[in-house]
Amino acid sequence: MCMMLQRTFAEAILTHLHPRSEITISLHILSQDGGELATCVNAATLALIDAGVPMTDYVVGMTSGTTLSQSSDDSSPGEPLLDVNGIEDSDLPTLTVATMGATEKIILLQMENKVHISLLEGMLAVAVDGCAKMKDMLDEVVRKHGSEVARTGAL
């Protein structure tokens, strides 16, 4: 997970602005209920923004799953799920996606299960759409916090 996070944020952080600096991201998972990697991506993004680290855009993570695992001959299509919990994560095929901002540029993609390609397309579409919505929510929270800090003058 450490290497995935390092590679993901290496593309978003503008390291050339601070050439002799080192950025250390330390994440502690206090409770696991699915979507750990996506949650770590979102937490690291907020921490970097709060620390004033220059980035090209938000890096947003999201998990998706499907109700139909590997039966490609089944007549009913799989139902994609967004932001799977721990039980769903262990029982169903899941996909973790991180995108750059509200765009559809995928910078992290992880899947540890086998799934039919027709189900993968739906899972990917749901995850990318979820990332765009999560980016809007994170941006709203960051702007609200920034306005409050500017108004009160307290960090």
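The values are calculated or read from the model by the stated rules, or taken from the named source; none is laboratory data. Because the structure is a prediction, the values reported are computed rather than measured. Glycine also receives a Cβ, built like all others from the backbone with ideal geometry; neighbour counts cover every protein chain displayed.
So here's what we get for this one:
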{"read-out": "Which listed residue is touching a residue at least 24 places away in the same chain (Cβ under 8 Å) and on the phi > 0 side of the Ramachandran plot, from 34, 52", "value": "34"}
{"read-out": "The listed residue being small (Gly, Ala, Ser) and out of contact with any Asp or Glu (no Cβ under 6 Å at 6 or more places or on another chain), out of 52, 65, 34", "value": "52"}
{"read-out": "Where residue 140 falls short, out of the listed (1) at pLDDT 95 or above; (2) within 13 Å of the chain's Cα centre (by Cα)", "value": "(2)"}
{"read-out": "Residue 43, sole failed condition from (1) in a strand (DSSP E or B); (2) at pLDDT 95 or above", "value": "(1)"}
{"read-out": "Residue pairs meeting the criteria (Cβ under 8 Å; at least 6 apart or on separate chains; first modelled with pLDDT under 95 and part of a loop (DSSP other than H, G, I, E, B), in region 1-15; second β-branched (Val, Ile, Thr) and surrounded by 11 or more Cβ atoms within 10 Å (Cβ to Cβ))", "value": "14/56"}
{"read-out": "Residue count, region 103-130 (criterion: assigned to a strand (DSSP E or B) and either within 22 Å of residue 32 (Cα to Cα) or out of contact with any helix residue (DSSP H, G or I) (no Cβ under 8 Å at 6 or more places or on another chain) (or both))", "value": "4"}
{"read-out": "Members of region 93-143 found to be among the hydroxyl-bearing types (Ser, Thr, Tyr) and either without any contact (Cβ under 8 Å) to a residue 12 or more places away in the chain or over 17 Å from residue 80 (Cβ atoms) (or both), listed by number", "value": "103"}
